[in-house]
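Trainee: Dropping the structure in here first, questions after.
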Amino acid sequence: MSQPDLHHNFTPGPERLKAMLERMLLIRRTEEQLGADSRSGELPGNVHLCAGQEAIAVAVCDHLSDDDYVGSTHRGHGHFLAKGGSAKSLIAEVHGKSSGACGGLGGSMHVTDLSKGMIGANGIVGGGIGLAAGAALSAQVAGQGQVAVAFFGDGASSQGILSEVMNIAVLWKLPLLLVCEYNGYSEFSASATVNAGEIADRARAFGMPTEVIDGNDLEAVWAVAAVAIDRARKGEGPSFIEAKTYRLRGHLEAEDGFLQAPYRSEDEIDQWRTRDPIPRLAQRLVELSALTATDIEALEANVAAEVKDALQFAHESEPPGMERVLSSVFVDQRP
């Protein structure tokens with residue numbers, strides 16, 4: 001059975017590219033701050049950073065509105081910010097403050113903003129896939145042209161929920177985009193040791209339009225996502241994107257404290273740094289004469305100020321009050 005092609009010559013204009021560069025910078029600088037806070041012992045829990053993977057979330061979410069849905073992962077800061085969530089509510093949440101996205105109750109792995117269609121990061125591996133499928137069904141029933149996107153890693157691709165969702169999504173033509181952020185690792189194990197065959201072939205087996213792309217090339221991700229999301233909005237069913245990328249940080253910031261030996265080499269990390277999507281897009285905009293070095297410095301300054309303001313906001317916010325126990329844990333059990 002032939003499958004529709006997701007390739008197209010769609011290209012975002014320079015202004016749109018600049019906006020996406022700024023959003024990627026915001027994700028990177030926010031995570032660098034949270035990483036530093038983690039290492040200094042300021043956070044109440046661990047953080048899983050997506051540094052190096054920003055192009056995927058930003059390029060996909062550029063096609064979405066607040067009415068569309070995103071199901072995320074334990075590495076969800078980038079999805080949250082790419083979907084329009086604020087750095088203030090993210091940093092406050094990770095710091096466990098009542099002004100955070102979830103009132104300081106969820107922490108790094110559960111950042112959610114329903115007003116932006118961010119239906120939740122998820123500590124359950126592959127958990128967001130099923131949630132996004134449910135959101136896609138809701139969108140289909142509503143008939144307003146909404147779509148849902150599920151982001152997940154190569155480690156989650158062997159969870160049974162993915163096969164179940166692909167099967168029902170194709171049968172029912174759900175407005176769903178499945179995006180595998182293939183970063184080469186399942187926690188501390190190389191993907192080749194946990195995944196047999198090619199992940200994209202699993203989607204092809206269901207007759208789903210599928211593309212394998214360079215996830216660090218923002219324009220490539222943007223173009224393929226444009227076709228996939230357009231198909232979904234028109235009622236033509238789900239699509240699958242496998243975006244090859246790499247996380248420049250560890251699985252979690254605290255891993256050096258308990259790992260007995262490295263699971264990847266510094267040479268490997270350095271090689272991937274040369275393919276970092278942020279300087280890559282910045283260079284592309286310089287080549288297009290859309291940005292100068294001075295413009296890039298101004299973008300960096302704007303982002304730095306936003307992150308500084310968000311951190312101050314978090315520091316000045318209060319932690320959740322004890323009364324939240326009576327509404328969030330022991331409901332209607334006041335002594």
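Trainee: Just for region 9-50: of the residues that are of a type in the set (A, V, I, L, M) and open to solvent by 10 Å² or more (accessible area, probe 1.4 Å), which one is nearest to S86 (Cα to Cα)?
Mentor: Applying the filter and picking the extreme gives A19.
Trainee: Going by what's in this entry, would R202 be described as open to solvent by 40 Å² or more (accessible area, probe 1.4 Å), within 25 Å of A169 (Cα to Cα) and in contact with a Leu (Cβ under 9 Å, 6 or more places away or on another chain)? Please lay out each step first, then the result.
Mentor: Values: open to solvent by 40 Å² or more (accessible area, probe 1.4 Å): yes; within 25 Å of A169 (Cα to Cα): yes; in contact with a Leu (Cβ under 9 Å, 6 or more places away or on another chain): yes.
In short, yes.
The rows are residues; the columns are (1) within 21 Å of A220 (Cβ to Cβ); (2) out of contact with any Asp or Glu (no Cβ under 8 Å at 6 or more places or on another chain); (3) among the acidic types (D, E).
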| position | (1), (2), (3) |
| --- | --- |
| M20 | yes, no, no |
| L49 | no, no, no |
| D66 | no, yes, yes |
| S72 | no, yes, no |
| G76 | no, yes, no |
| K97 | no, no, no |
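Trainee: Here are some conditions: (1) crowded, with 17+ Cβ neighbours inside 10 Å; (2) within 19 Å of G120 (Cβ to Cβ). D66 meets all but one. Which one does it not meet?
Mentor: (1)
Trainee: Of all residues in region 276-290, which are out of contact with any helix residue (DSSP H, G or I) (no Cβ under 7 Å at 6 or more places or on another chain) and outside any helix (DSSP H, G or I)?
Mentor: The answer is D276, S289.
Trainee: So, in region 86-111, of the ones that are closer than 19 Å to E181 by Cβ and without any contact (Cβ under 8 Å) to a residue 60 or more places away in the chain, which residue ends up most open to solvent (accessible area, probe 1.4 Å)?
Mentor: The residue in question is H110.
Trainee: Specify which of the listed residues (A192, A196, A169) is part of a helix (DSSP H, G or I) and open to solvent by 10 Å² or more (accessible area, probe 1.4 Å).
Mentor: A192
Trainee: Which residue, of R264, R249, is surrounded by 12 or more Cβ atoms within 10 Å (Cβ to Cβ) and closer than 16 Å to T30 by Cα?
Mentor: R249
Trainee: Same structure, new question: Those residues that are surrounded by fewer than 19 Cβ atoms within 10 Å (Cβ to Cβ), assigned to a loop (DSSP other than H, G, I, E, B) and in contact (Cβ under 8 Å) with a residue 12 or more places away in the chain, I need them from region 126-166; list them, please. Quick ask: steps written out before the conclusion?
Mentor: Initial filter on region 126-166 (surrounded by fewer than 19 Cβ atoms within 10 Å (Cβ to Cβ)): 130, 134, 137-138, 141-145, 158-160, 163-164.
Applying the additional criterion that residues be assigned to a loop (DSSP other than H, G, I, E, B) yields 143-145, 159.
Q144, G145, Q159 - these are the residues of region 126-166 that are surrounded by fewer than 19 Cβ atoms within 10 Å (Cβ to Cβ), assigned to a loop (DSSP other than H, G, I, E, B) and in contact (Cβ under 8 Å) with a residue 12 or more places away in the chain.
Trainee: A further question on this structure: What's the total number of residues in region 253-275 that are part of a loop (DSSP other than H, G, I, E, B) and not basic (K, R)?
Mentor: 10
Trainee: Considering only residues of region 218-236 that are out of contact with any helix residue (DSSP H, G or I) (no Cβ under 6 Å at 6 or more places or on another chain) and not aliphatic (A, V, I, L, M), which is surrounded by the fewest Cβ atoms within 10 Å (Cβ to Cβ)?
Mentor: So, considering only residues that are out of contact with any helix residue (DSSP H, G or I) (no Cβ under 6 Å at 6 or more places or on another chain) and not aliphatic (A, V, I, L, M), the one surrounded by the fewest Cβ atoms within 10 Å (Cβ to Cβ) is K234.
Trainee: Please enumerate the residues belonging to region 69-80 that are open to solvent by less than 10 Å² (accessible area, probe 1.4 Å), closer than 17 Å to A225 by Cβ and either hydroxyl-bearing (S, T, Y) or not in a strand (DSSP E or B) (or both).
Mentor: S72, G78, H79 - these are the residues of region 69-80 that are open to solvent by less than 10 Å² (accessible area, probe 1.4 Å), closer than 17 Å to A225 by Cβ and either hydroxyl-bearing (S, T, Y) or not in a strand (DSSP E or B) (or both).
Trainee: For residues that are assigned to a helix (DSSP H, G or I) and in contact with a Lys or Arg (Cβ under 7 Å, 6 or more places away or on another chain), scanning just region 310-335, find the one that is surrounded by the fewest Cβ atoms within 10 Å (Cβ to Cβ).
Mentor: L326
Trainee: Further question: Give the residues of region 66-85 that are touching a residue at least 60 places away in the same chain (Cβ under 8 Å) and either over 15 Å from I119 (Cα atoms) or aromatic (F, W, Y) (or both), sorted by residue number.
Mentor: Matches in region 66-85: Y69 only.
Trainee: Open to solvent by 20 Å² or more (accessible area, probe 1.4 Å), closer than 24 Å to A282 by Cβ, assigned to a helix (DSSP H, G or I) and not polar (S, T, N, Q): is that true of A55 in this structure? Show your work before the answer.
Mentor: Values: open to solvent by 20 Å² or more (accessible area, probe 1.4 Å): no; closer than 24 Å to A282 by Cβ: yes; assigned to a helix (DSSP H, G or I): yes; not polar (S, T, N, Q): yes.
Answer is no for this residue.
The values are calculated or read from the model by the stated rules, or taken from the named source; none is laboratory data. The model shown is predicted, which means the values in this text are computed figures rather than measured ones. Every residue, glycine among them, receives a Cβ derived from its backbone with ideal geometry; neighbour counts consider all protein chains shown. The protein model used for the area step is the full one, side chains on, heavy atoms only, and it has no ligands, DNA or RNA in it. Shrake-Rupley method; radii C 1.70, N 1.55, O 1.52, S 1.80 Å.
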